[in-house]
Amino acid sequence: MQDKSAPEEFDVVIVGRGPVGATLANLLGLRGVRTLVLERETQTYHLPRAVHFDDECMRVFQTVGLADAILPHVILSPGMLFLDANGKMLLDWSRPQTLTPMGWHLSYRFHQPDLEDVLISGLARWPHVTLRSRCDVFALDQVEDGVRVRYEDLSNGKLSEVRAGYVIGCDGARSLVRRFIGSSMDDLGFHERWLVIDVLLKRARDDLGDYSLQHCDPRRPATYVRGTGTRRRWEITILPDEDSQEIAQPAKVWDLLSRWITPDDAELERAAVYTFHSVIARQWRSGRLFLAGDSAHQTPPFLGQGMCAGIRDAANLAWKLAAIIQGGAAPDLLDTYQSERQPHVREFIELAIRLGGVINTKAIEAGLAAGEARENAPVKLDVKKPLLGPGLTFGDLPLAGHLAPQFMLRDGGRSDDRTGYHHVLLVEAAAALPSRLALAQAGIEILAGDDAEGVRDWLRKHGIIAALVRPDRYIRGTARDEPELERLVAAAIPATQIPLTQAPSAA
């Protein structure tokens, strides 16, 4: 029987506890937003799924105080090589092993259950964040001042209802929230069946290497990925006349793997058929309902950007929700979420499709056009991160929509640890700012050349005297002179009067 007591109230309800939902909940916890996470499953899914994230994602994990807890569970990736059927290199996508301007390495490999466990454990630090497992959401009813969220507790069959200011669907490719929004999907044209095989090595096989390998063999394209510890993955194209169930049987799987490993080398952990898609939801918002992660977009895996895109969604959305819920910002601030994120993720998906063309040898020229030719050497691929789409940036000013670097503090720490999930004004000298008090009252941090090495040099390199950096680390605008600086400050103060809860470190 349904509980007739007055429903609980939350600022935000997140549907889905995967990496995107858990990251979003941690960011909202950092802001002090009353948050409920509803997850249908009992425990973290125990098998591998996503295996790569980048420096920008690690910077988000740093923001919520969990980077140090995640580091023991990751390894650095040297990059990816594209080989033709004869083993000749077509594309060299090596990753630097030095820190990037984000303050982290460019490419990390990980085991998704390990990451999810850290992110979920981190939620316990926030008294205003609640996680409920075995709760299956079945109805979302928008009313004038919120959303009625109805769900079933699958452990006992009890039906419950809560009220939320906003609901965020982080509930994957088959998203219930997307159905309630009523959004169709833009199809970017890539749909292929691949067999994903995860193994655990029984003995050392250093010859397999640390690089990810894209075998661009027209007979059967395949991908090799080194995971953490003894984990190794192969993704192998399924031919049109092959049956999805038959090809996933152990005997067939070992036959496909025979050119690399045998059952004497490894234990088969999983073999599953996936259809890789390239789609983007046309509508990421309907009133108080929003989409993030796979519910909003799905990409082929060739860039390793599927989960990364969802983490960026969370970082973009969380501070905007907090600005409205706690800071009195105008609700139309949320209109900038899709306008900024959708073009950004589309660019990544389109590049992944082009690289997929190389792997499948169906569109090699288009794929190679993504790289930079070098004399007497394979094409070198250098993927530049897209700019934000139009939204909350001053597009007429230098660097607007670019990611801001993270600076090293003079005491040896990282600047994000000092400034937090906040707007930050980068200036050469804080003492010269006439608006310091107003900035402090608005919760805008100031990072000056006296505080962090490299701030002055970075400003001068770009011919600016100041830069306003948003909480998601994207540059909102810059100033080349005093009038432009006044414009930046005036635009920022009304939207950023938000209290910040300090992120405790993970246990």
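The values are calculated or read from the model by the stated rules, or taken from the named source; none is laboratory data. As the structure is a prediction and not an experimental result, all values here were calculated from the model. Quick reminder, even Gly has a Cβ in these numbers, built from the backbone with ideal geometry, and neighbours come from all protein chains shown. We work out accessible area using only protein heavy atoms, side chains counted, and drop any ligands, DNA or RNA first. Shrake-Rupley method; radii C 1.70, N 1.55, O 1.52, S 1.80 Å.
Brief remarks follow.
- Cα-based Lys pair tally, the chain, threshold under 30 Å, eight or more apart or on separate chains: 17
- Identified option (computed mean projected area of the Cα convex hull in nm²; candidates (i) 25.6; (ii) 30.8; (iii) 27.7): (i)
- Cα centroid separation - segment 248-325 against segment 3-36, whole Å: 22 Å
- Projecting the Cα atoms of Gly169, Met185, Ile236 onto the charge dipole of the chain, computed from C-beta unit charges around the Cα centre, puts Gly169 farthest toward the positive end.
- Residues Lys384 and Asp481, FRET efficiency given R0 of 30 Å [Cβ-Cβ distance, rounded to 0.05]: 0.55
- Rounded to two decimals, the Cα radius of gyration of segment 38-110 over 2.2 N^0.38 Å is 1.41.
- Pairwise label distance in nanometres, Thr275 with Asp255, each label 7 Å out on the Cα-Cβ vector: 2.4 nm
- Global geometry of segment 78-127, whether rounded, prolate or oblate, following the gyration tensor of its Cα atoms and the 1.5 cut on a/c: oblate
- Estimated FRET transfer efficiency when R0 is 30 angstrom, pair Asn86-Asp186 (beta carbons, to 0.05): 0.20
- Per-residue accessible area (protein heavy atoms, 1.4 Å probe) orders Arg150, Arg233 as Arg150, Arg233, starting from the largest.
- Share of carbon and sulfur in the accessible heavy-atom surface of the chain [1.4 Å probe, %]: 50 percent
- Mean sequence separation of contacting Cα pairs (under 8 Å, at least six apart), scaled by the length of the chain, corresponds to a relative contact order of 17 percent.
- In this rough spin-label picture, where each label sits 7 Å from Cα along the Cβ direction, the Leu159-Phe138 distance is 0.6 nm.
- Proximal charge balance of Ala479 [Cβ under 10 Å; K/R count +1, D/E count -1]: -2
- Arg418 contributes an accessible area of around 110 Å² to the protein surface, as traced by a 1.4 Å probe with all chains present.
- Taking the helices alone, the chain has a mean residue ellipticity at 222 nm of -7500 deg cm²/dmol, built from -39,500 (n - 2.57) per DSSP H run of at least 4 residues and averaged over all its residues.
- Relative contact order (percent, whole number), segment 196-312, Cα cutoff 8 Å, 6+ residue spacing: 25 percent
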